[in-house]
Amino acid sequence: MYWQVDRGGPEARLNSAEVRPDWLFPQEGAPAADVPAGWQAVFVDYLFVAYTTGTAFSPTHALPLTVRAQLLMMLESAISLVTIIVVAARAINILGS
């Protein structure tokens, strides 16, 4: 979902549309000498943001810059937390029987 939302989506990024970013990646704030020339976030970068948000329940890699990005990350964390609670509750119920 992050891949589809940020900067107008993959097509807009491919066409170099000037759209404000929803996430700030560390590479965008790093010195030019530390980042490959022309670096842009690719699908794996967004996948990593989703993975770390779902497992750590917090932004750990890229910072959300817009309300839309913040709400998406909050929703993902809430879904992950509810899933863990349901699985734990089911395990406790099975052990108690």
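What follows is calculated from the coordinates using simple rules that are stated; it is not laboratory data. If you're wondering where the values come from, they're calculated on a predicted model, not measured in any experiment. For neighbour counting, all protein chains shown are included, and Cβ atoms are generated from backbone atoms with ideal geometry for every residue, glycine included.
Can you check what the net charge comes to around F25, using other residues whose Cβ is under 15 Å from the Cβ of F25 (Lys, Arg +1; Asp, Glu -1)? If you can, show how the numbers build up before the last one.
On the way: positive: R7, R13, R20; negative: D6, D22, E28, D34, D45.
So the surrounding residues net to -2.
Jot down the per residue volume, in cubic angstrom and as a whole number, of the convex hull over the alpha-carbon atoms of the chain.
Given the Cα convex hull of the chain, per-residue volume reads 104 Å³.
Between the helical axis of 67-96 and the dominant principal axis of the chain, each derived from Cα atoms, what acute angle in degrees is found, rounded to the nearest 10?
In the chain, helix 67-96 runs at an angle near 20 degrees to the longest axis.
Before rounding to the nearest 500, sum -39500 (n - 2.57) across all DSSP H runs of length at least 4 in the chain and divide by the residue total; then give [θ] at 222 nm in deg cm²/dmol.
So the calculated ellipticity at 222 nm is -18000 deg cm²/dmol.
Would you kindly derive the ³J(HN,Hα) couplings of region 32-47 from the backbone phi angles with the Karplus curve 6.51 cos²θ - 1.76 cosθ + 1.60 (θ = phi - 60°), listing them in order in whole Hz, with x for Gly and Pro?
4, 5, 8, 10, x, 4, x, 4, 9, 5, 10, 3, 5, 5, 5, 4
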